[in-house]
Amino acid sequence: MREELIQEFRRTGLRFVATILGGGSAFISDYLAIPGASSSFLEAQTPYARAATKRVLGFEPENYVSEQTALRLASVSLARAESYSRDDGIDRVDDLIGIGATATLATTVAKKGDHRCRCVARGRFGTFSAAITLKKGARTRAQEERIAADFILSTLLFAAQRRDEAASPDRLWRESETTDFFQTDEPLFPEDKATLTWIGVDPISDDFLRNRVSRPDALAAIQWQKGAITALKLADGRELAVESDLSDALANVATRAKTPASQSPSAPRRAIFPGSFNPPHRGHLAIAQRTAAKTGANVEFELSARNVDKPSLDPLELARRAKALNALAPENPLWISNAPRYVEKATLFPNATFALGVDTILRLADPKYANNSVAERDKVVETLEKQGARFVVFQRKIAGKTLSTNELRDALPPRLASLCEFVPESEFLDDVSSTELRRQARDVGA
């Protein structure tokens, strides 16, 4: 069966790069053992030591065997596949897949947690995230390695087979789930559970998420509210309503639809609350409510797919965070943007009052985040001012203490301080830790 599945994948014409941590590396030897691998196999990496994994990912993961780590590995693999495609002079980015897999399997000592594997296949057409948990203590390491290798191959093949389906209107930005994907000749126990969730993404949204285009009329943000995509924002400030069909709205972007500009520095003031929302929590809702009370505007959340010092977020992650945030605050729309810096957010949302924490406003004031240049920092502040940006700054502890309003003003350049309204600790203190909430969620799922 293994050779049949490999040949079936090769007939799709797709090519891939794989990055595999821990178990499952037999997938590589399986694939290369069948003649003709060079037509579809670009590269495989198997970082094993923590230092090697950190170098590949670019950061230290909170949990090595997790969906988030597999998502990052798949994104790294897809980027490498694209670089090789460009080097070969074959600009077929639609025909590439990045594979990321990570596993914890049987070893010389007993493990407290489950024996499991996560695998993600990511292409320009969507993300496919699979998980398998194996009956503990029922197999040798070699047997579990074999199942993990078949599991990775099954995920890759399923993604390839669903390539066209992922582009259909009813699949775009919508999560689907299946248990009918895993193929192996190995005997399985009832306790062996394999599931796969996936989401389709159109090429325009993929370009936007990874900032592959920079035209003024390119897609720059997607608005979600009450579980649906309700508007698209272009880089030049225009907004396109999604009346019924997302595909129609995206087609308007693709054809450079002429619509009146709805945003400018003289537009009515709006309130924007940027954040990672991983996960959304009561502290986010409280900040939104206080910002609305101070500005008189309904707060719009904003989540950037791109980050200054971390990998871009995957469409599957974004859709899940959008769903969770919409459930927490259904009356507050969420913008998913590709604007990681505040100078970019202010350009995308002119005349906006931004809600942020003390730590963020201090970073805006620090020349270190402007190429260690005071002049560049001041230029950023000038741009923020010209775009009509204002800031409501909420207290949170830094190194175990809070700063008074006077201490904060003294820590900021006067021009930046003049754009800020500081919320005192007596009125609000953001004491909810997203990191701690994620840790608790992992403990519950363990």
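General remarks:
- Each stretch of four or more DSSP H residues adds -39500 (n - 2.57); spread over every residue of the chain, this sum gives -11000 deg cm²/dmol at 222 nm.
- Highest average packing first - 124-134, 326-336, Cβ atoms within 10 Å: 124-134, 326-336
- Share, in percent, of DSSP beta bridges within the stretch 1-148 that are antiparallel, nearest 5: 60
- Tilt relative to the chain, helix 67-87 - C-alpha long axis, 0 to 90 degrees, to 10: 80
- Once Cα extents along the principal axes in Å is calculated for the structure shown, the corresponding label among (i) 72, 55, 35; (ii) 59, 47, 42; (iii) 67, 52, 40 turns out to be (iii).
- For the chain, the per residue solvent-accessible surface stands at 45 Å², with DNA, RNA and ligands left out and a 1.4 Å probe.
- Within the listed set P169, P315, P367, the Gaussian network model of the chain (springs between alpha-carbon atoms below 10 Å) gives the highest mean-square fluctuation for P367.
- Couplings 3J(HN,Hα) of the stretch 409-423, computed from phi: 4, 5, 7, 10, x, x, 5, 6, 4, 5, 8, 10, 10, 9, 8 Hz, in residue order, whole Hz [Karplus 6.51 cos²θ - 1.76 cosθ + 1.60, θ = phi - 60°; x for Gly and Pro].
- For the chain, share of DSSP beta bridges that run antiparallel, in % to the nearest 5: 55
- With contacts taken as Cα pairs under 8 Å at a separation of at least 6 residues, the chain carries a relative contact order of 11 percent.
- ³J(HN,Hα), Karplus 6.51/-1.76/1.60, whole Hz, each residue of the stretch 228-244, x for Gly, Pro: 9, 7, 10, 7, 10, 10, 8, 4, 7, x, 6, 10, 10, 6, 8, 5, 8
The values are calculated or read from the model by the stated rules, or taken from the named source; none is laboratory data. Everything quoted here is computed from the prediction, not taken from an experiment. Please note: Cβ atoms are built from the backbone with ideal geometry, for glycine as well, and neighbour counts cover all protein chains shown. Side chains are part of the model used for accessible areas, which takes the heavy atoms of the whole protein and leaves out ligands, DNA and RNA. Shrake-Rupley method; radii C 1.70, N 1.55, O 1.52, S 1.80 Å.
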